[in-house]
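**Student:** Dropping a structure here in structure tokens format, bear with me for questions.
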Amino acid sequence: MSLKKTVGLKTILTALLISFMSMLLLGVIMNAAYTHTSLGYDLLKINTISTQSANAVTSVVTYFRGLDTLGEVTILFLSIFGIGIGIERSDRMKTILGYDSTLLKIGTKVLFPLIVLFGLYIIAHGHLSPGGGFQGGVIIASGFLLMFLAYGDSYDLDHKVLSLFEALSGAGFILVGILAALAGGAFLGNMLPLGVLGKLFSSGILPIIYIFVGLKVAAEITVLVEYFIRTQDARDA
Amino acid sequence: MFNFEITALGNMFFGLTVLVFVSLFFVPNKHRSVTLYSLLFASLACIFYASDLITLFIGWEIMGWSSYFLIAKTADKQTLQKYIVFNIGGAFTLLGAIILIYGACGSFVYSELDFSAVPSGQVTAITILLLLTLFVKSGIMPFHYWVVDSYSQSNDLFSAVLSAIISKTGVFAFILIFFQIITVQYLQTPILEVVAWLGVLTSIIATFKAINEDEAKRLLAYSSIAQVGYIVTILSIMGSLSLEAALYHTVIHTFVKLLLFINVAAIIYVSKQHRFSTLGGLLYKYPLNFILLVVGIISLAGMPPLGGFSSKFLIYTALLEEHKGLLLAAVLFSSASAFLYCYKLVYGIYLGQPTNPKTEAYPRIPLRFYVPQILGAVILITLGTIPGVIVPMFNGILGSVGFEPVLYRGVFVLGSDFASFNGGVVIGAFGLIFVLILLFFVRLKNRSVKPKDRLDISYCGEVPRADVNLHYGYGMGRELSRIGLIKMILSRSSHALWQRVSTLFGDLSGITQKLYTLSAQNMGLVIFAFFTILLYMGVK
Amino acid sequence: MFIDLLIMLVMAYGFGFLYYGLYRNISARVHGRFGPSLAQSFYDSIKLFTKDTSTDFGWMFFAGPIIMASGAILTVLFIPYFNHGERLVGLSPYGNLIVVLYFMVLGPLGNALGVGSHGNPFGAMGITRGLTRLLGLEMPFYIAVVGLMIANESADIGTIMANQAETYNIIAHPLLFIAAFISFLGFLGKSPFDVVGAPQEVYSGPAVEFGGKFLALALSQSAIFSFAKLLLMVDLFLGGADSLWDLILKTFVLFVASVFVGNVYGRFTTAQSVDFLLKVPTVIAIVGLLFV
Amino acid sequence: MSLVYFIAIPILASFLTPFYKNYLRFVSVLVNILLAGFAAFFYSRLPLNEFISLDSPLSIIFILDYVSFFFVSLFIGVMLFFSLYSIKEKNNTAVFVVTNIFTSGALGLILSADIFNIYIFFEIASISAYILTGLNRDKVAYSGAIKYMIVGAVASIFLLLGIMLMYLNLGYLTLSSIGAGFHTMDKGIQYLVLLSLFIGFGIKTEILPLNFWVADIYQATPTKIAALFSAVLSKAYLFVFFHILYTLKVDAPALLFLTAIGLLSFAVAELSALRSKDVKRIFAYSTLGQLGVLFLALSSANVVVVSGALFLILVHSISKLMLFFSLDLVEKKMHSTRVEAFAGFRSAFLFTIFAIGFLSLLGIPPFAGFIAKLTILKGFASMGAYGIVGAILAISLVEATYFFRLLSANQRSKKTAEIKVPLLQKIMLSLLALAILYLGLFPQGLLDFCTDAAQTLIQGVIHV
């Protein structure tokens, strides 16, 4: 292939455009006078008073910006729903990853509960240590990925249960929020006692929300994984 | 939102509308749509009785689109497109003018509009916009492009409405706006000059186009354009007498066109033919219709004993009083040329030889066709005999728009100090002389022989064969195109101009449409490029 | 009053045929013939009225010539004969120049209706020619008349006449007169604008189916009409007549002028004549109008 | 009562789908009725603010003032109409799952006064839209959805850049605080922020050089869904953009620039529709054109013009619902949305609906579009901007040309199929038509409300 064909005029122009744009952008940003804000300190101060969470990120994610998290969960749900719609009708998906190996199957059987448990642990300790609902959920889903890889089409995922989890976890998130609002506070406000910093049962509503988030993420990612590596027939079986 | 006020001017136009609609109600019509006709009627009432510009505009637009749907039942796509583009365009210029007036005077209500503090440039802009609207509605060249096709292709009854009433809304608005609202002292004289000449040129050109037409309704459509052209010309003189002349001509033209369109409609109804080349020789088949048509064309041509002359006379007098000699000459020229198409109309349908072998089998014309025709004829004859009878009414209108009333000298006399005539004497003398000659003629002791059949004529000493076309209606007026000046008029058409505009927009549309099929990648590039350009401009 | 009207009518009839006879005589002399006697036209007219048979194509054919004759007579009755405004003013106080101008086309219209009704295409052809020519004729004539009306601030023929006590309009507005005179030739149906009647060569024209009393009426009206037009020209441009002799003199001069012009020039076709009329006299008239 | 219910309840309804899979359409109707009830409840309490987590500098504020109430009730109305209209259609659970979330996305965009939160709802609404575009599940639909997604992603990037720059420089996310602090920022950054916001929202509000993707997307989308895009989605973005702009108190030249862009996109869109051969595409172009008008009207910073624009938003939403839904019926019968197909159907009812919709869009009395157009023009006239008045009218003439071309095509062509409109659809469409007529004849109440709303919008969110 000639150079002209690989690097067309359009490509060159695009490259020029992008570099010129970056130059200008950098120019503006670098030249700007920039003032530090005290937001971080303020936030940490408030965190100790209002949430008692050891992980300030969790406070932000589930409490101060709980609504954003609800939005993110929704986006996750939507995206996977959309992928589902896109994949449903494409019948070209034939090649499926799968290793028919006994060793793998046995190993997976042992590992699967551990992975799930680990995921649950990460979720439950979201307000105490790094991690939380999103991370734990993905870990749980990775357990299912392992199962798909090991057992291929013979692994029978109970879709009813899965969708029940999916539905209930998402709904739970919202219902907790509404309950909080009904209990007198704001939506997703804190209605439970804050407890002591560092204990598992502390920080009020935060861990509950993270658990719902975690379950939701786990279910969604599992569905996503299944979409990507199993045919429609196998999924419907 | 809707504000109304009963005015003398409104009363007159609404009265005409009521008469026309009521008389048309009797006419049998295949495409009768009660909803649309009532909408149209309501919109006309809205226009004539509005007391603010918004109400006027609402009426104007409803009139526009209800007429559109009425025409849509019979006209072809191109005609409809022409109709709507011009009429909506006209309405939008009206809206533009209204908005400009609002910006200048801060109100829409007629009585609150005061132009004394408005810069003259703005008044000129308003004037031009309003004139465009009126030109479109009244079919002043070169905005007449929609008129002829719409008139000729709409159903026969609605053509009458279009010509008799709807073209008059332009006249009404002209009087309302330029005599009552903006008033003459704020108007620019050159603009009025241009308007006057546009009006008269329109009538000249339309007259020749009418002479060249082969289709009865198209001929009448062109004639309508020409007649409204006179009205616009005379209105632009902006005097008491000229306003009276315009009002008079409006009344006359309304009834003339009502009569003529329904007359032609009756013929089309019974014969299913609408071209002169396939009509002819119906005189003894439909004598009453023929007489009514003659009444109509005598009035249309503005010949003395009938009402048409009264209005023409006023027009001339008004022009003479203002010493508009050239303008008057042009009006006279157009007026004189009108005889030709008038004759063509009557000859093409009723006189000459029948061209259609089925002529004998044509059914009778239903009596209901005569209601509007007789109404028109009665009014035209009355206005010829006692032309002064409606002067008091006009004086009321003149007074209400702040003009001096013209002198009223009894029902028989019409005119001003410049010139006046006695309609009673004219029609009486004519009638008397006619009757005397008739008596003398009948008393002559000699016998007349009847021709054996229609072909028993002096035909170069031969007897023409039955299959030779002896009807001259089709070719009538053809030789006009041999005359240099007239040939020039006839060969020009605004078609090319508007076609070019249409093509231009079509091409532009094709280009912009291409833009909307960009792929996602290219779209992204466009976005980034746009961002970069703006960023560069901002940073610089 | 009625006596006046009757006198006017009879005078118009008499003078009309007299001048027609003169025209035939003069033309004959120009052609090197002797021509008929002066009274021949009267005899023709009377003879035709008493002709025994004529073809009658129906009531419109019957009414057409009557309307035509009525138009001509009306025209005469609305033009005052003398400029002192006492006798033979006819109906002119009830009308004016504009009315008269329109009466002048009423006749042709009646004619057209009558001719159209007999179904002979040659007749209709003649009518169309006539109407087309009218188009050309009216333009310069009307402009000239409009000029006069504006100059006199009145459309009343009597007033226009009265204003010429010092100078005739022919001197005050020569251009208008020239334009009007050229049209006037056409109105009289004289050469070079006589293609409508086309009496000799072409077997066509408005009168193609007219015979007997119809032709008689047509001829009579033509005679009356010719005199009316002469009268109008005299009134408008030559200051009207003071006395009967004045009237005869002025109309005769005008008439002779028209006859000579007519005998000098050949005939235009319809298109040519309209073209000529719309160019030369119209431009002259417009220039004249600008001077007013 | 909390404003969050407007967002939470539709999402909840979608999340719980597995429990009532085949009855979601009824649930959606109920949800929308419930939301309408909320809106009615809040009407007497306007204007109000709601803080979520009171004690944080990061707390999110929801604002329901006159203008956001206008949009909220409009969107709820549209969605209620949509769900009722489609209530007889089984097997379309997927649509309702997405449209519910779509509702909450749009409502969130309106209610939220926190720029990051706005970004979240921006994404929710956008992603729902991508999915809805692909719902036809054929090649055109998928390629449309992908195209939409790519362009949408670019928009998100720019929006995020703008938000990031503001947050970085000010440390706030609430609109009111940003509005107060915006002018203390570096000039260059200010410009960059505005520019990124303009590009981000400009793509979504479909204005000139950024809207070349739109026609294809509308064509790929199921016809009824296209109505939602036209009636809800673009309007939501439009509102947010101007909400932010007025809060940031941008200077006159910037607004003038937006006016020019709006006018240009109006002109180009209407021109493109002139020779288009596909009715759906024509409607898309018309939407673009109307958005151009709205853009130029909203950027005028004049109460009368903006109130006219708000009125126009309502009228345009109603008209486009009518038109797209009727077109859907035509499409079902004729299996095409080409002009030839449009010309061939016979149905007096649908023809009337189309005619009313067109006339209203053109701003022809006595329909509501006229009041909107008149108010806008009046406002411009009082500002002395006669050039804009003239341009709007001139371009509207182009619009009239193609709308009436469609009508005359249908009037004068050979009819190939008769469309029987089901009773429910007939009633629903007639309701819309009557609404247009009613608003055209008795606009005063709504106009007054629009004036209040316009004042609130121009004022921007004020720092408490």
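The values are calculated or read from the model by the stated rules, or taken from the named source; none is laboratory data. Since we're looking at a predicted model, the values are computed, not measured. Neighbour counts are summed over all protein chains in view; Cβ atoms, including those assigned to glycine, are modelled from backbone coordinates with ideal geometry. The accessibility values were calculated without ligands, DNA or RNA, using every heavy atom of the protein model including side chains. Shrake-Rupley method; radii C 1.70, N 1.55, O 1.52, S 1.80 Å.
**Student:** List the residue pairs whose Cβ atoms are under 6 Å apart, where the first residue sits in the stretch B:442-456 and is among the β-branched types (Val, Ile, Thr), the second is open to solvent by 60 Å² or more (accessible area, probe 1.4 Å), and the two are 6 or more positions apart or on different chains.
**Tutor:** These pairs meet every condition: B:449/C:53.
**Student:** Determine whether residue B:35 is open to solvent by 20 Å² or more (accessible area, probe 1.4 Å), over 23 Å from residue B:133 (Cα atoms) and polar (S, T, N, Q).
**Tutor:** yes
**Student:** In the stretch D:436-448, how many are part of a helix (DSSP H, G or I) and open to solvent by less than 30 Å² (accessible area, probe 1.4 Å)?
**Tutor:** Final tally of qualifying residues: 4.
**Student:** Please give the number of the condition residue B:450 fails out of (1) closer than 30 Å to residue B:7 by Cβ; (2) open to solvent by 30 Å² or more (accessible area, probe 1.4 Å); (3) touching a Ser or Thr at 6+ places or on another chain (Cβ under 8 Å).
**Tutor:** Here residue B:450 clears every test but (1).
**Student:** Out of D:460, D:379, D:390, report the one residue that is within 24 Å of the chain's Cα centre (by Cα) and at pLDDT 90 or above. Quick ask: steps written out before the conclusion?
**Tutor:** Working: D:460 fails: at pLDDT 90 or above; D:390 fails: within 24 Å of the chain's Cα centre (by Cα).
Matching residue, one of D:460, D:379, D:390: D:379.
**Student:** Quick one: in the stretch C:128-180, which of the residues that are aromatic (Phe, Trp, Tyr) and either buried (at least 24 other Cβ atoms within 10 Å of the Cβ) or touching an Asp or Glu at 6+ places or on another chain (Cβ under 9 Å) (or both) is farthest from the other protein chains (Cβ to nearest Cβ)? Write out each step before concluding.
**Tutor:** Start the filter on the stretch C:128-180 by keeping residues that are aromatic (Phe, Trp, Tyr), which leaves C:141-142, C:168, C:177.
The next check asks that each one be either buried (at least 24 other Cβ atoms within 10 Å of the Cβ) or touching an Asp or Glu at 6+ places or on another chain (Cβ under 9 Å) (or both); those that pass are C:141-142, C:177.
On the way: C:141: 9, C:142: 4, C:177: 16 Å.
It comes out as C:177.
Yes/no matrix, rows are residues, columns are (1) modelled with pLDDT of 85 or more; (2) within 21 Å of residue C:215 (Cβ to Cβ); (3) part of a helix (DSSP H, G or I):
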site: C:17; (1), (2), (3): yes, yes, yes
site: C:38; (1), (2), (3): no, yes, no
site: C:54; (1), (2), (3): no, yes, no
site: C:61; (1), (2), (3): no, yes, yes
site: C:70; (1), (2), (3): yes, yes, yes
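**Student:** Oh, and also: Check whether at least one residue in the stretch B:329-348 is open to solvent by less than 10 Å² (accessible area, probe 1.4 Å), under 18 Å from the mean Cα position of the chain (by Cα) and away from chain C (no Cβ under 14 Å), and report yes or no.
**Tutor:** Looking for residues that are open to solvent by less than 10 Å² (accessible area, probe 1.4 Å), under 18 Å from the mean Cα position of the chain (by Cα) and away from chain C (no Cβ under 14 Å), one finds none in the stretch B:329-348, hence no.
Yes/no per residue for (1) among the small types (Gly, Ala, Ser); (2) in contact (Cβ under 8 Å) with a residue 60 or more places away in the chain; (3) surrounded by fewer than 23 Cβ atoms within 10 Å (Cβ to Cβ); (4) part of a helix (DSSP H, G or I):
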| residue | (1), (2), (3), (4) |
| --- | --- |
| D:231 | yes, yes, no, yes |
| D:234 | yes, no, no, yes |
| D:237 | no, yes, no, yes |
| D:240 | no, yes, no, yes |
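**Student:** Would you confirm whether or not the stretch B:84-97 contains a residue that is more than 11 Å from chain D (Cβ to nearest Cβ) and in a helix (DSSP H, G or I)? If you could, list the steps in order and put the result at the bottom.
**Tutor:** We begin by selecting, within the stretch B:84-97, every residue more than 11 Å from chain D (Cβ to nearest Cβ); these are none.
No, the stretch B:84-97 has no match at all.
**Student:** In this structure, is residue B:462 acidic (Asp, Glu), open to solvent by less than 90 Å² (accessible area, probe 1.4 Å) and out of contact with any strand residue (DSSP E or B) (no Cβ under 7 Å at 6 or more places or on another chain)?
**Tutor:** no
**Student:** Could you check the stretch A:31-68 and list, in sequence order, the residues that are hydroxyl-bearing (Ser, Thr, Tyr), in contact (Cβ under 8 Å) with a residue 60 or more places away in the chain and more than 9 Å from chain D (Cβ to nearest Cβ)?
**Tutor:** Answer for the stretch A:31-68, where residues must be hydroxyl-bearing (Ser, Thr, Tyr), in contact (Cβ under 8 Å) with a residue 60 or more places away in the chain and more than 9 Å from chain D (Cβ to nearest Cβ): A:48, A:51, A:53, A:58, A:62.
**Student:** With the requirement that a residue be under 20 Å from residue B:298 (Cβ atoms) and within 17 Å of the chain's Cα centre (by Cα), what does the stretch C:107-136 give you?
**Tutor:** Of everything in the stretch C:107-136, those that are under 20 Å from residue B:298 (Cβ atoms) and within 17 Å of the chain's Cα centre (by Cα) turn out to be C:107, C:108, C:109, C:110, C:111, C:112, C:127, C:130, C:131, C:132, C:134, C:135.
**Student:** Report every pair of residues separated by at least 6 positions or lying on different chains whose Cβ atoms are under 6 Å apart, first residue within the stretch D:184-205 and within 14 Å of chain A (Cβ to nearest Cβ), second outside any helix (DSSP H, G or I).
**Tutor:** From residues that are within 14 Å of chain A (Cβ to nearest Cβ), the pairs are D:186/A:32; D:186/A:33; D:188/A:32; D:189/A:32.
**Student:** I'd like to check something: does the stretch D:15-28 contain any residue that is within 22 Å of the chain's Cα centre (by Cα) and not small (Gly, Ala, Ser)? It would help to see each step written out before you state the result.
**Tutor:** If we filter the stretch D:15-28 for residues that are within 22 Å of the chain's Cα centre (by Cα), which is where we start, we get D:28.
Cutting the leftovers down to not small (Gly, Ala, Ser) gives us none.
The answer is no; no qualifying residue exists.
**Student:** Let me ask something additional. Exactly one of these conditions fails for residue B:421: (1) more than 30 Å from residue B:175 (Cα to Cα); (2) at the interface with chain C (Cβ under 8 Å from one of its Cβ atoms); (3) open to solvent by less than 40 Å² (accessible area, probe 1.4 Å); (4) not acidic (Asp, Glu). Give me its number.
**Tutor:** (1)
**Student:** Another one. Out of (1) crowded, with 22+ Cβ neighbours inside 10 Å; (2) under 20 Å from the mean Cα position of the chain (by Cα), what's the single condition that is false for residue B:57?
**Tutor:** Of the numbered conditions (1) crowded, with 22+ Cβ neighbours inside 10 Å; (2) under 20 Å from the mean Cα position of the chain (by Cα), the odd one out for residue B:57 is (2).
**Student:** Return the only residue of B:157, B:201, B:192 being open to solvent by 10 Å² or more (accessible area, probe 1.4 Å), at pLDDT 90 or above and either in the same structural domain as residue B:369 (by TED's automatic domain parsing) or charged (D, E, K, R) (or both).
**Tutor:** Matching residue, one of B:157, B:201, B:192: B:201.
**Student:** Could you pull out the residue among B:154, B:111 that is more than 23 Å from residue B:3 (Cβ to Cβ), among the small types (Gly, Ala, Ser) and in contact (Cβ under 8 Å) with a residue 60 or more places away in the chain? Before the answer, list the steps.
**Tutor:** Values: B:111 fails: more than 23 Å from residue B:3 (Cβ to Cβ).
None of the other options fit; the residue is B:154.
**Student:** If you scan the stretch D:91-135, which residues turn out to be open to solvent by less than 10 Å² (accessible area, probe 1.4 Å), more than 7 Å from chain A (Cβ to nearest Cβ) and of a type in the set (Phe, Trp, Tyr)?
**Tutor:** Once the filter is applied, which keeps residues that are open to solvent by less than 10 Å² (accessible area, probe 1.4 Å), more than 7 Å from chain A (Cβ to nearest Cβ) and of a type in the set (Phe, Trp, Tyr), the stretch D:91-135 yields D:96, D:102, D:122.
**Student:** Select from the stretch A:143-156 the residues that are within 19 Å of residue A:214 (Cα to Cα) and touching a residue at least 60 places away in the same chain (Cβ under 8 Å) and write down the one among them that is least open to solvent (accessible area, probe 1.4 Å).
**Tutor:** First pass over the stretch A:143-156, keeping only residues within 19 Å of residue A:214 (Cα to Cα): A:143-146.
Those still in the list that are touching a residue at least 60 places away in the same chain (Cβ under 8 Å) too: A:144-145.
Numbers: A:144: 40, A:145: 61 Å².
Per the criteria, the residue is A:144.
**Student:** Hey, residue B:236 hits all of (1) polar (S, T, N, Q); (2) surrounded by 21 or more Cβ atoms within 10 Å (Cβ to Cβ); (3) within 14 Å of another protein chain (Cβ to nearest Cβ) but one; which does it fall short on?
**Tutor:** (3)
**Student:** Let me ask something else about it. Determine if the stretch D:51-61 includes at least one residue that is open to solvent by less than 30 Å² (accessible area, probe 1.4 Å), among the charged types (D, E, K, R) and either farther than 27 Å from residue A:162 by Cβ or under 23 Å from the mean Cα position of the chain (by Cα) (or both).
**Tutor:** no
**Student:** State the number of residues belonging to the stretch B:98-124 that are surrounded by 18 or more Cβ atoms within 10 Å (Cβ to Cβ) and assigned to a helix (DSSP H, G or I).
**Tutor:** Result for the stretch B:98-124: 10.
**Student:** Report, by residue number, each residue of the stretch D:333-372 that is polar (S, T, N, Q) and open to solvent by 10 Å² or more (accessible area, probe 1.4 Å).
**Tutor:** D:336, D:337, D:347, D:352
**Student:** Need the failing condition index for residue A:203 against (1) open to solvent by 50 Å² or more (accessible area, probe 1.4 Å); (2) outside any helix (DSSP H, G or I); (3) not aliphatic (A, V, I, L, M), just the number.
**Tutor:** Going through the list (1) open to solvent by 50 Å² or more (accessible area, probe 1.4 Å); (2) outside any helix (DSSP H, G or I); (3) not aliphatic (A, V, I, L, M), residue A:203 breaks only (1).
**Student:** Which number in (1) open to solvent by 10 Å² or more (accessible area, probe 1.4 Å); (2) free of Cβ contacts under 8 Å to residues at least 12 places away in the same chain; (3) not basic (Lys, Arg) marks the one condition that residue B:303 misses?
**Tutor:** (1)
**Student:** Take residue C:151 and decide whether it is assigned to a helix (DSSP H, G or I), under 20 Å from the mean Cα position of the chain (by Cα) and farther than 22 Å from residue C:91 by Cβ.
**Tutor:** no
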